[in-house]
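Participant: Before I ask anything, let me first share the structure, which is written out below as structure tokens.
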Amino acid sequence: MKRRSVLVALAVIAVTAFVSAIAASASYGGKARHSAKSIEVFSLWGGSEKDAFLKVTAAFTAQTGIDVKYTSGRDFITEIRTRLAAGNPAEIAIVPRPGFLGTLARENVLKPLSSIGLSTAYMKQNYGPAWISLATVGGKLYAVPAKANSKSVIWYRPDQFKKYKWKTPKTWSQLLALTKKMKAKQATQGFAPWSIGDGPSQSQWVLTDWFEDIYLRTAGPAKYQLLFSGKLPFTDKSVVTALKTMLQIVNNNYALGGIQGILGTSFVDGIARVFEGAPKTPHAQLYMEGGFVGGIALGQINPSLKPGITINDFPWPTINAKFGRPLLGAGDLAVAFKDSPEIRQFMKYISTAAAATVWVSTGAVISPNKGVSGSAYPNLLVRNEAAQVKSAKVFRFDGSDQMPGAFGDTWGFALQNVIQHPSSIKSILAGFQSKIAGQWGS
Amino acid sequence: MEAPLGFPRLSQALPTPVEHPPAVGRVGLRTLGARLQGLLFISPALAVLTLFLIYPAYYTIRLAFYQSDFLFRFTHAIGIANFKNLLTNDPDFLDLSKFHGVNILRELLYKSDGGALLNNLHWVVFYITLSVGFGLALAVLAARVRYERMVKSVIFVPMAISATAAGIIWLFVYNFDPNIGIVNALIKPFHHPVAWLGRPSTVNYALIFAYVWASTGFVMVVLSAAIKGIPTEIIEAARVDGAGEWEIFRRVMLPMLSLPISIVTIWLFINVIKVFDIIYVMTGGGPGTSSRVIAFTMYEETFPNGRPGYGAAVAVIMLVLVAPVMVLNVRRFRSERVVT
């Protein structure tokens, strides 16, 4: 009997210890751990983009003595959502997709800039109105535009153009004519006119950019804004027109490997089909994607490329003369989930021209900051892109990035369906519209 | 039949139900004490189970009847609307609109655009058949060669690789460029390269095959061990009776392997209902939504789309699909115990 009661006592002790351990660990998480001066910044860059950003944070640490811990995750929406649900978000996140940030702002988890010491007047001094309106949700400014991209460029090989006496096109009909000329050479020279990488694992955004550049030029910036803010349904005639225009190039005939090739080649592989092994004949002549293609081609694919000689870009041609040459751009926005003196200092710092200059001098990014001079950019490709971004009269932000939540991906998937089944454009659009209707915030 | 603990007492009491056994007194107290003690001893395990299994399961099931926000709160009770929407109004999850033939079963297997639920059906049928088929064939054949160990270790290696790494490897195998992708290199003399992962009609089979590659080793090892357990006397007796090798396999080995095969099949079934990682790595559910499966939909809705309630409903459907198989499995174990 005695032994039994000892066992019972032991069991009671074990249970108590276990329960109190759980209770203790539960309360532990809530405590602030910021006695040391450090902040965590979350973004999705790795590799050379990460190195470039670490130079900016190093400059910040040197100036203020505040440590910056950089964490990254490609699947940033999932990461931010889970950490928010756990009550432990990073202090600051720098991410693309203003649409997602809009969702977060409406869920009241972001700190408005005015509440952390960055007045709207100050922000307007540093950034153009397009950027300010992009970072504004419900009348409040939430984000510092940290980096920018032009997405209205087409990449080519100047050496090839010289060899075949091609000229860079200024209009859509010239681009189609050029495509036909290249196609005529395919049988003898072995290259396709276009390489398009919209393939497996997360490349579906490439087609969304194709669509956006074309929609901006066929329907105009005003309609573009309506479409990508939920005020115009995707079943609109203008969307069908733009998609049909897109299919004049994005088809079996002109793309390397046809539709199969488009769906089977990833974004980076697609760039390689044009720029790998500079001296020999490329697999394809043209590649359409944003300014960052230059950095990837030079950094990851073929370091022997020479800007202006074996790699260059030309601006997207005009389609409808009425709308001219509006610029499609994208960028990353910095937002704060919490408030502290350190966070305020960092947000202030990255909004300065000094920080932006450190960043752009790495050649990795274009800054939307008005105070950055063109001479800060280290090579021709980024300098051109920066000039294009700066001089654009009409600027529109990447539409799929403005879609709520992860609808940008859903839209990319819908476009993959469009290129495979051009005859069912209308039903694909109707299906997409029925999903996204009601998801746009006010 | 073996009865669970505590059961015999009740059945003994059954013939004389009129009189209750004395509830109080020394005996009653003792059993009560013993019971309390038992309860106390299992309480740590119970606490862990409650915290990490029962409570989350309860939370998820409850969440499935709510429209939730991204903080997983029960914001808005909406009854069975999530389930209704999933099964009738979400072509990415279940789309029966393309099926209207006479032979539904054949169409289900032939057409590949019926949404995540039917994709998973493809997985169940092909993944299990191929894994068990290859595993069994390899186990039987390996037992007949001298270098059995070597063969088995080579085939077992993929089990040591995480699904993520396996996914990356198979991305190379299926690469569109014949200079990189071995499949396209092999078909190059006869056919244009094919975007195996880029076409709705091939993507599911390409993924299934990659996953079969990763699990065949496990099936082989389990069945190989079972084959070793078959007494040689039985096989020899069959041989003496004039049975050919095929007959021995068909009429002696296969029946004796039926239990391990069914266990492996159940394991594969549970595995395939929750398959996620290899799809996430290789296609992200694309092209379009054609390679989504149930678990992928759950992830997609819960996190990127920020609809935990809807995602929870998918989780509940998953549970409902797995549960009968689990019950079957437990039953089977019990009946086997009686036999041996």
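Participant: For the structure I just gave you, tell me whether A:Arg97 is among the basic types (Lys, Arg) and surrounded by fewer than 22 Cβ atoms within 10 Å (Cβ to Cβ).
Facilitator: When the stated conditions are applied, A:Arg97 does not pass them.
Participant: While we're here: Of everything in the stretch A:46-68, what is surrounded by fewer than 17 Cβ atoms within 10 Å (Cβ to Cβ) and under 28 Å from A:Gly408 (Cβ atoms)? Give them in sequence order.
Facilitator: Correct list: A:Gly46, A:Gly47, A:Ser48, A:Lys50, A:Asp51, A:Leu54.
Participant: Inspect the stretch B:187-204 for any residue being away from chain A (no Cβ under 14 Å) and assigned to a helix (DSSP H, G or I) and give the result as yes or no.
Facilitator: No, the stretch B:187-204 contains no residue that is away from chain A (no Cβ under 14 Å) and assigned to a helix (DSSP H, G or I).
Participant: Return the residues of the stretch A:227-257 that are closer than 20 Å to A:Arg325 by Cβ and at pLDDT 95 or above; say none if nothing qualifies.
Facilitator: Those that are closer than 20 Å to A:Arg325 by Cβ and at pLDDT 95 or above: A:Leu227, A:Ser238, A:Thr241, A:Ala242, A:Thr245, A:Met246, A:Gln248, A:Ile249.
Participant: Okay, next question. Somewhere in the stretch A:362-380, is a residue modelled with pLDDT of 90 or more, within 14 Å of chain B (Cβ to nearest Cβ) and buried (at least 16 other Cβ atoms within 10 Å of the Cβ)?
Facilitator: No, the stretch A:362-380 has no match at all.
Participant: So, in the stretch A:401-441, of the ones that are of a type in the set (D, E, K, R) and over 20 Å from B:Leu197 (Cβ atoms), which residue ends up nearest to the other protein chains (Cβ to nearest Cβ)?
Facilitator: A:Lys435
Participant: Applying the selection to the stretch A:353-385, what residues are of a type in the set (Asp, Glu) and outside any helix (DSSP H, G or I)? So that I can check it myself, show each step before the final result.
Facilitator: At the first step, the residues of the stretch A:353-385 found to be of a type in the set (Asp, Glu) are A:385.
Across the stretch A:353-385, there are no qualifying residues.
Participant: Also, I was wondering about something else. So which residues in the stretch B:251-265 are among the hydrophobic types (A, V, I, L, M, F, W, C) and either within 25 Å of B:Asp241 (Cα to Cα) or modelled with pLDDT of 90 or more (or both)?
Facilitator: Within the stretch B:251-265, B:Val252, B:Met253, B:Leu254, B:Met256, B:Leu257, B:Ile261, B:Val264 meet the criteria.
Participant: Then there's this: How many residues does the stretch A:315-356 contain that are buried (at least 19 other Cβ atoms within 10 Å of the Cβ) and free of Cβ contacts under 8 Å to residues at least 40 places away in the same chain?
Facilitator: The qualifying residues number 1.
Participant: Related question: Going by what's in this entry, would B:Leu171 be described as facing another protein chain (nearest Cβ under 10 Å), in contact with a helix residue (DSSP H, G or I) (Cβ under 9 Å, 6 or more places away or on another chain), part of a helix (DSSP H, G or I) and not charged (D, E, K, R)?
Facilitator: yes
Participant: Do you know which residues across the stretch B:230-255 are assigned to a helix (DSSP H, G or I) and closer than 23 Å to B:Gly133 by Cα?
Facilitator: B:Ile235, B:Glu245, B:Trp246, B:Glu247, B:Ile248, B:Phe249, B:Arg250, B:Arg251, B:Val252, B:Met253, B:Leu254, B:Pro255, listed by residue number.
Participant: On to the next question. Just a yes or no: is a residue in the stretch B:327-337 assigned to a loop (DSSP other than H, G, I, E, B) and without any contact (Cβ under 8 Å) to a residue 40 or more places away in the chain?
Facilitator: No, the stretch B:327-337 contains no residue that is assigned to a loop (DSSP other than H, G, I, E, B) and without any contact (Cβ under 8 Å) to a residue 40 or more places away in the chain.
Participant: Quick one: count up the residues across the stretch A:386-429 that are of a type in the set (A, V, I, L, M) and not in a helix (DSSP H, G or I). Give the steps one after another, and end with the answer.
Facilitator: Start the filter on the stretch A:386-429 by keeping residues that are of a type in the set (A, V, I, L, M), which leaves A:386-387, A:389, A:392, A:394, A:403, A:406, A:414-415, A:418-419, A:425, A:428-429.
Still in the running and not in a helix (DSSP H, G or I): A:392, A:394, A:403, A:406.
The number of residues fulfilling the criteria is 4.
Participant: Something else now. Search the stretch B:280-291 for residues that are more than 7 Å from chain A (Cβ to nearest Cβ) and pair each with any residue that is among the charged types (D, E, K, R) and buried (at least 24 other Cβ atoms within 10 Å of the Cβ) when their beta-carbon atoms are under 7 Å apart and the residues are at least 6 apart or on different chains.
Facilitator: B:Gly285/B:Arg292; B:Gly285/B:Glu300
Participant: Go through the stretch B:170-209 and give me each residue that's surrounded by 15 or more Cβ atoms within 10 Å (Cβ to Cβ) and among the β-branched types (Val, Ile, Thr).
Facilitator: Those that are surrounded by 15 or more Cβ atoms within 10 Å (Cβ to Cβ) and among the β-branched types (Val, Ile, Thr): B:Val173, B:Val183, B:Val194, B:Thr202, B:Val203, B:Ile208.
Participant: Something else: Look at the stretch A:114-136 and say how many of its residues are touching a residue at least 40 places away in the same chain (Cβ under 8 Å) and outside any helix (DSSP H, G or I).
Facilitator: 5
Participant: What is the residue count in the stretch A:392-423 for residues that are out of contact with any helix residue (DSSP H, G or I) (no Cβ under 8 Å at 6 or more places or on another chain) and without any contact (Cβ under 8 Å) to a residue 40 or more places away in the chain?
Facilitator: Going through the stretch A:392-423 one residue at a time, the tally reaches 1.
Participant: For residues that are touching a Gly at 6+ places or on another chain (Cβ under 9 Å) and either within 10 Å of chain B (Cβ to nearest Cβ) or surrounded by 14 or more Cβ atoms within 10 Å (Cβ to Cβ) (or both), tally how many sit in the stretch A:69-88.
Facilitator: Within the stretch A:69-88, residues that are touching a Gly at 6+ places or on another chain (Cβ under 9 Å) and either within 10 Å of chain B (Cβ to nearest Cβ) or surrounded by 14 or more Cβ atoms within 10 Å (Cβ to Cβ) (or both) number 7.
Participant: Could you tell me how many of the residues in the stretch B:76-98 are of a type outside the set (D, E, K, R) and either in a helix (DSSP H, G or I) or on the phi > 0 side of the Ramachandran plot (or both)?
Facilitator: Summing the residues that are of a type outside the set (D, E, K, R) and either in a helix (DSSP H, G or I) or on the phi > 0 side of the Ramachandran plot (or both) in the stretch B:76-98 gives 8.
The values are calculated or read from the model by the stated rules, or taken from the named source; none is laboratory data. Model, not experiment: these values are computed from the prediction. Ideal geometry is used to build each Cβ from the backbone, glycine not excepted, and the neighbour counts take in all protein chains shown.
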